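Notes to accompany the following structure.
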Amino acid sequence: MTSTKKNILVTGGAGFIGSNFINYIHKKYPGYNIELLDALTYAGNLDNIVNELKLNGHFRFSHGNVTHPDIVNQLVSNSDIVVHFAAESHVTRSIYDNSLFFETDVIGTQVLANAIVNHPVERFIHISSSEVYGTALTAPMDEEHPLNPMSPYAAAKAGADRLVYSYIHTYGLPAVIVRPFNNYGPFQHLEKAIPNFITSALNDQPLTVHGGGQSLRDWMFVEDTCEALDAIMHADANKVVGEAINLGTGRDTDILTIAKKVLNILEKPESLIEYIEDRPGQVSRHISSTNKANQLLGWTAKTKLDDGLKRTVDFYKNNKQWWEKFLWMKELWGQR
């Protein structure tokens, strides 16, 4: 699967992880044709895609919603590999406006899966989420951990996850279910914790921390996720099709520590930290087992947390014009 003529359909690829993935694949496989389907909601931004790709003839953008069968069927019929990022992804928003989450995350996934049944592809990579697990009952959390979603967002992702699983067994869908843990890095929307912390610190504004900031997360730099997805795209089908695979570091760090690390990098005082009421449906701990990804893919996350945070801080320091236009949303939705 290293042909220079692969046609890759990426849904939701103008968002954070999707755009990083597209830029990564373009750099590593410049001959691949990339079709991006994105509704360009508030979190989707074509500026996230490198100009070199947009201008070189190997990239095409279709503006549309993954819930619309006509455009989805057309794009899938011309694809070799489908990577499905499209989803509503903000936990806090899902608590107060949850219908859109189920429409996009579940119905959109069903429309895409049906299109693949009708127009078979070599591989379908479904991007699920560690949020489907809820709070860790065992540590680390492996792929057999019960699915106990604790927010409407997580429930919608769990529904899509299990929908894909059912299509694997009913229709022979050549799918791989991927469950990334907490990603961070360039081009992440300010509604998420780390970019919220960074941009607040850059503006000498309070870093709002839910509860006591003791919730633990497995933080993974987005470039490591892209490398893992690359490995899944090109792995022997007999190894990965039909599998659910966690993508994490196997290490967890509490949110308060993340806020302090950001302030330390930027040489800002810890007095900027402001504690606010805990969020409903808060997950207290996430930590990924890394065994399955290592065994099936030979992959291990390689970016250390301090290094990844420094690279992320540098991005926001050097690209203020990219994120300033989102500042109005910060007070509206808070951070994950």
(message) Let me spell it out: the conditions are (1) in the same structural domain as Leu266 (by TED's automatic domain parsing); (2) assigned to a loop (DSSP other than H, G, I, E, B); (3) of a type outside the set (Gly, Ala, Ser), and Phe197 meets all of them except one. Which number is the exception?
(response) (2)
(message) Among the residues of region 9-47, what is the count of those that are modelled with pLDDT of 95 or more, outside any strand (DSSP E or B) and hydroxyl-bearing (Ser, Thr, Tyr)?
(response) 4
(message) Out of everything in region 231-252 that is assigned to a helix (DSSP H, G or I) and in contact with a helix residue (DSSP H, G or I) (Cβ under 7 Å, 6 or more places away or on another chain), what residue ends up being surrounded by the most Cβ atoms within 10 Å (Cβ to Cβ)?
(response) Ile232
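Got at least one residue in region 278-290 being small (Gly, Ala, Ser), touching a residue at least 12 places away in the same chain (Cβ under 8 Å), touching a helix residue (DSSP H, G or I) at 6+ places or on another chain (Cβ under 8 Å) and assigned to a strand (DSSP E or B)? Please lay out each step first, then the result.
Keep residues of region 278-290 that are small (Gly, Ala, Ser), which gives 281, 284, 288-289.
Filter once more, keeping what is touching a residue at least 12 places away in the same chain (Cβ under 8 Å): 281, 284, 288-289.
Checking which are touching a helix residue (DSSP H, G or I) at 6+ places or on another chain (Cβ under 8 Å) leaves us with 281, 288.
Still in the running and assigned to a strand (DSSP E or B): 288.
Among the residues of region 278-290, at least one is small (Gly, Ala, Ser), touching a residue at least 12 places away in the same chain (Cβ under 8 Å), touching a helix residue (DSSP H, G or I) at 6+ places or on another chain (Cβ under 8 Å) and assigned to a strand (DSSP E or B), which makes the answer yes.
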(request) Considering only residues that are part of a helix (DSSP H, G or I) and among the charged types (D, E, K, R), look in region 200-230 and name the one that is nearest to Ile17 (Cα to Cα). (result) Glu223
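With Gln321, Gln295 as the choices, which residue is more than 20 Å from the chain's Cα centre (by Cα), in a helix (DSSP H, G or I) and either among the β-branched types (Val, Ile, Thr) or assigned by TED's automatic domain parsing to the domain that holds Gly213 (or both)? Let's see the steps before the verdict.
Working: Gln295 fails: either among the β-branched types (Val, Ile, Thr) or assigned by TED's automatic domain parsing to the domain that holds Gly213 (or both).
None of the others qualify; the one that does is Gln321.
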(request) Would you be able to say whether some residue in region 84-103 is β-branched (Val, Ile, Thr) and either modelled with pLDDT of 95 or more or in a loop (DSSP other than H, G, I, E, B) (or both)? (result) no
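If you check Val117, Val132, which single one turns out to be more than 27 Å from Ser19 (Cβ to Cβ), among the hydrophobic types (A, V, I, L, M, F, W, C), touching a residue at least 12 places away in the same chain (Cβ under 8 Å) and assigned to a helix (DSSP H, G or I)?
Values: Val132 fails: more than 27 Å from Ser19 (Cβ to Cβ).
Matching residue, one of Val117, Val132: Val117.
Name the one entry in Lys261, Lys302, Lys268 that is touching a residue at least 40 places away in the same chain (Cβ under 8 Å), outside any loop (DSSP other than H, G, I, E, B) and of a type outside the set (A, V, I, L, M, F, W, C). I'd like the intermediate steps shown before the answer.
Numbers: Lys302 fails: outside any loop (DSSP other than H, G, I, E, B); Lys268 fails: outside any loop (DSSP other than H, G, I, E, B).
After applying the criteria, what remains is Lys261.
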(request) Taking the residues in region 136-158 that are among the hydroxyl-bearing types (Ser, Thr, Tyr) and in a loop (DSSP other than H, G, I, E, B) as candidates, determine which candidate is farthest from Thr290 (Cα to Cα). (result) Ser151
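Report whether or not Lys325 is without any contact (Cβ under 8 Å) to a residue 60 or more places away in the chain and of a type in the set (Lys, Arg). Let's see the steps before the verdict.
On the way: without any contact (Cβ under 8 Å) to a residue 60 or more places away in the chain: yes; of a type in the set (Lys, Arg): yes.
Spelling it out, Lys325 is indeed without any contact (Cβ under 8 Å) to a residue 60 or more places away in the chain and of a type in the set (Lys, Arg).
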(message) Among (1) modelled with pLDDT under 95; (2) in contact with a helix residue (DSSP H, G or I) (Cβ under 8 Å, 6 or more places away or on another chain), there is one condition Gly57 misses while meeting the rest; what is its number?
(response) (2)
(request) Evaluate the following for Ala160: is it more than 15 Å from the chain's Cα centre (by Cα), surrounded by 24 or more Cβ atoms within 10 Å (Cβ to Cβ) and over 24 Å from Leu309 (Cβ atoms)? (result) no
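The values are calculated or read from the model by the stated rules, or taken from the named source; none is laboratory data. Since the model is a prediction, treat every value here as computed from it, not as a measurement. Glycine gets a Cβ as well: all are built from the backbone with ideal geometry, and neighbour counts include every protein chain shown.
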